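The next block holds one structure in the form of structure tokens; read it before the comments.
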Amino acid sequence: WRRYRINYIYLFDFNPQIVQDPATLFDECVDETIVFLVTLILYYKTSTHTMPEWFPPGIYPAFLVLYTIWHFIFPLKQRKPLWSAMARVCRAPLTSPSFFETYVADVFTSMVKILLDLLWTICFIISGDFLTTETVDKNVNDSRHEWQHSKWYKQYLVTIICLFPLYIRLMQCLRKYNDTGDRIPN
């Protein structure tokens, strides 16, 4: 960004006082990656019974979900613009989208698989399946993850998650067309 003199702070309407420098951002990414790696190793070692089972193996993914939620919210001063931008994107037909909101909606359309994984994780935590132990025995009736085979999950929730980002982007394009009267470039 700096090398080609692209002033992304003003291009995206960021507040220059709360934008982190790249070195600080990289340090935070490294710290969070280490937490993810340690949690993954603890989950793997506990579920394969190669280390003492102090907690059920599913506690580690649940901890990771809570850790991720914590870092999506705090520090609130830096995360508030992210959450307000996502709220403005979801209100697409009601307000005229800025360049940044259009960019965020485009990112959402590229994140459908990630959003489906997030939906699966939410259902996994809410159902309590993270507290059950993993069995490999084929003779045992395994009732884990029954919710992922249900009609409401496969036909309704997955469909909504797949279509919602596209719907938002369509509404943005229609709003831009309504505001400008130009079919292209919207």
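The values are calculated or read from the model by the stated rules, or taken from the named source; none is laboratory data. Just so we're clear, the structure is a prediction, and the values are computed from it rather than from any experiment. Because the Cβ atoms are built from the backbone with ideal geometry, glycine has one as well, and the counts that use them run over all protein chains shown. Remember, those area values only see protein heavy atoms, side chains included, never the ligands or the DNA or RNA. Shrake-Rupley method; radii C 1.70, N 1.55, O 1.52, S 1.80 Å.
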Exercise for the section: From (1) outside any helix (DSSP H, G or I); (2) under 20 Å from residue 160 (Cα atoms), pick out the condition that doesn't hold for residue 97. Expected result: (2)
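Mind telling me which of the residues 60, 43, 8 ends up being in contact with a Leu (Cβ under 8 Å, 6 or more places away or on another chain) and without any contact (Cβ under 8 Å) to a residue 24 or more places away in the chain? Give the derivation first.
Values: 43 fails: in contact with a Leu (Cβ under 8 Å, 6 or more places away or on another chain); 8 fails: in contact with a Leu (Cβ under 8 Å, 6 or more places away or on another chain).
Step by step, each of 60, 43, 8 is checked, and only 60 is in contact with a Leu (Cβ under 8 Å, 6 or more places away or on another chain) and without any contact (Cβ under 8 Å) to a residue 24 or more places away in the chain.
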Practice task
Identify, by number, the condition in (1) in a helix (DSSP H, G or I); (2) over 16 Å from the mean Cα position of the chain (by Cα); (3) free of Cβ contacts under 8 Å to residues at least 24 places away in the same chain that residue 35 doesn't meet.
Solution key: (3)
Completion exercise
Only unsatisfied item for residue 172, checking (1) closer than 30 Å to residue 17 by Cβ; (2) of a type in the set (S, T, N, Q); (3) under 19 Å from the mean Cα position of the chain (by Cα); (4) surrounded by 14 or more Cβ atoms within 10 Å (Cβ to Cβ), is (3)
Fill in the blank from the handout: Scanning segment 51-72 for residues that are over 18 Å from residue 118 (Cβ atoms) and open to solvent by 90 Å² or more (accessible area, probe 1.4 Å) gives 54, 55
Handout entry: Filter result for residue 25 (open to solvent by less than 40 Å² (accessible area, probe 1.4 Å), farther than 30 Å from residue 174 by Cβ and without any contact (Cβ under 8 Å) to a residue 40 or more places away in the chain)
Key = no
Handout entry: Answer residue from segment 99-108, given it is touching a residue at least 40 places away in the same chain (Cβ under 8 Å) and open to solvent by 40 Å² or more (accessible area, probe 1.4 Å) and is farthest from residue 8 (Cα to Cα) among those
Key = 106
Completion exercise
Residue count, segment 129-172, condition modelled with pLDDT of 90 or more and small (Gly, Ala, Ser), comes to 1
